[in-house]
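This report refers to the structure that appears directly beneath it.
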Amino acid sequence: MLIMSLANAVSALLPRAPIIGLDLGTRTIGVAVSDITRRIASPVETIQRRKFSDDARRLIELAARKKAGLIVLGLPLNMDGSEGPRAQSTRAFARNLARVTDIPVVFWDERLSTAAVERMLIDADRSRARRAAIIDKLAADLARSAAA
């Protein structure tokens, strides 16, 4: 498919089609999915990254199982809005993913989503190890919720 703007993707989204949110890390991909009303999202899985074809295959399996109509991919911009190596890597991942699925892919500015989740977990007195285990899932959930 193609990488679309968020506005175009949402207007083309079928009613009751869930949205998948992705938080792309260097070692993991946090995956969250909305309900059919797109008001509640839940963490689904943290994929341990291997090679692109394996990662894409798992994402497509999850999207098919959840009947997702849109993939929202967190774009890690610098605080000044510029794009560094991680944002460029995320764009390359999206281009490659768009070649192997018909589900539209959109970007979501995630500059503060991971930081917000980290603060929430610290406030909840979660250990550093526990925060690391769930932060990618929750950041994906936050990005998906913001896009809904």
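Bear in mind these aren't lab numbers, they're just calculated from the coordinates by the rules spelled out. In this text the structure is predicted, and so the values were computed from the model without any measurement. Because the Cβ atoms are built from the backbone with ideal geometry, glycine has one as well, and the counts that use them run over all protein chains shown.
Among rounded, prolate and oblate, which fits the range 1-98 when a ≥ b ≥ c are the square roots of the eigenvalues of its C-alpha gyration tensor, a/c under 1.5 means rounded, and a/b larger than b/c means prolate?
Note, shape of the range 1-98 comes out oblate.
In nm, what is the difference between 0.36 nm times the number of residues separating Asp102 and Ser42 and their Cα-Cα distance?
Going from the current span to full extension adds 19.3 nm.
Report the residues of the range 59-74 in range of a label on Asp35: point 7 Å along Cα→C-beta, backbone N strictly under 17 Å from it.
Zone members listed by number: 66-68.
Charges on Cβ only, +1 for Lys and Arg, -1 for Asp and Glu, centred on the Cα centroid of the range 1-67; of Ala9, Ala56, Ser42, which one is farthest towards the dipole's positive end?
Ala56
Between Trp108 and residues 5 or more places away or on another chain, which pairs have amide H atoms under 5 Å apart, with H built 1.01 Å from N, and which residues are they?
Residues meeting the criterion, in which the H sits 1.01 Å from N, are Leu73, Gly74, Leu75.
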